[in-house]
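Before any comments, here is the structure.
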Amino acid sequence: MVGLYAAALDDRIATVASFSGFTPLRSDTDAKPTGGIRRLFEWHALQPHLGLFHCREDDIPYDFDDVLALIAPRPCLIVSPLRDRGADPEAVVSYFNEGSIRYRHAANDTQSASGTIPHTFGGGMGGPPANW
């Protein structure tokens, strides 16, 4: 997640790769198996101000499709696990596609991948970045 934020805000970063980096915020409610944004402000205190938007996720001022659009047109690789309680792979693919649409001219340089092993870089997960 930090790499995505850094690349969005600093043009000196030429390319970025994110592994298990994010689950979209606005669609991540308490009803989701991820635990919603509560895991970020209450369980782990990583983003405590997100608590202001609990049960009002649609009011969160930005989400990762916005971050991906700020990274454009630089190359970006997003790898998201399929079997991870903190990840919503369908939402990640949706946000990745929305971000890609927002900078069509860079679509050839953006890629997404998903793996079946949670929070590991082994078991074939080395392929996407090596091939990228």
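The values are calculated or read from the model by the stated rules, or taken from the named source; none is laboratory data. This one's a predicted model, so the numbers in the text were calculated from it and none came from an experiment. Using ideal geometry, Cβ is built from the backbone for each residue, glycine included, and neighbour counts are taken over all protein chains shown.
The number of residues in segment 31-52 that are over 18 Å from P81 (Cβ atoms) and of a type in the set (V, I, T) comes to 1. Out of the residues in segment 1-43 that are of a type in the set (A, V, I, L, M) and in a loop (DSSP other than H, G, I, E, B), state the one that is nearest to D88 (Cα to Cα). Of everything passing the filter in segment 1-43, L25 is nearest to D88 (Cα to Cα). From the list D59, D84, which one is more than 15 Å from the chain's Cα centre (by Cα), among the acidic types (D, E) and either over 20 Å from A6 (Cβ atoms) or surrounded by fewer than 20 Cβ atoms within 10 Å (Cβ to Cβ) (or both)? Being more than 15 Å from the chain's Cα centre (by Cα), among the acidic types (D, E) and either over 20 Å from A6 (Cβ atoms) or surrounded by fewer than 20 Cβ atoms within 10 Å (Cβ to Cβ) (or both) holds for just one of D59, D84, which is D59. You will find that of A45, A72, the residue that is of a type in the set (A, V, I, L, M, F, W, C) and out of contact with any helix residue (DSSP H, G or I) (no Cβ under 9 Å at 6 or more places or on another chain) is A45 and no other.
Screening the candidates G35, G21 for the property of being modelled with pLDDT under 90, on the phi > 0 side of the Ramachandran plot and not aromatic (F, W, Y) yields one hit, G35. Restricting G36, G3, G51 to residues that are without any contact (Cβ under 8 Å) to a residue 40 or more places away in the chain and touching a strand residue (DSSP E or B) at 6+ places or on another chain (Cβ under 6 Å) narrows the list to G3. Given A91, A45, A31, which one is small (G, A, S), without any contact (Cβ under 8 Å) to a residue 12 or more places away in the chain and under 20 Å from L4 (Cα atoms)? The match here is A45.
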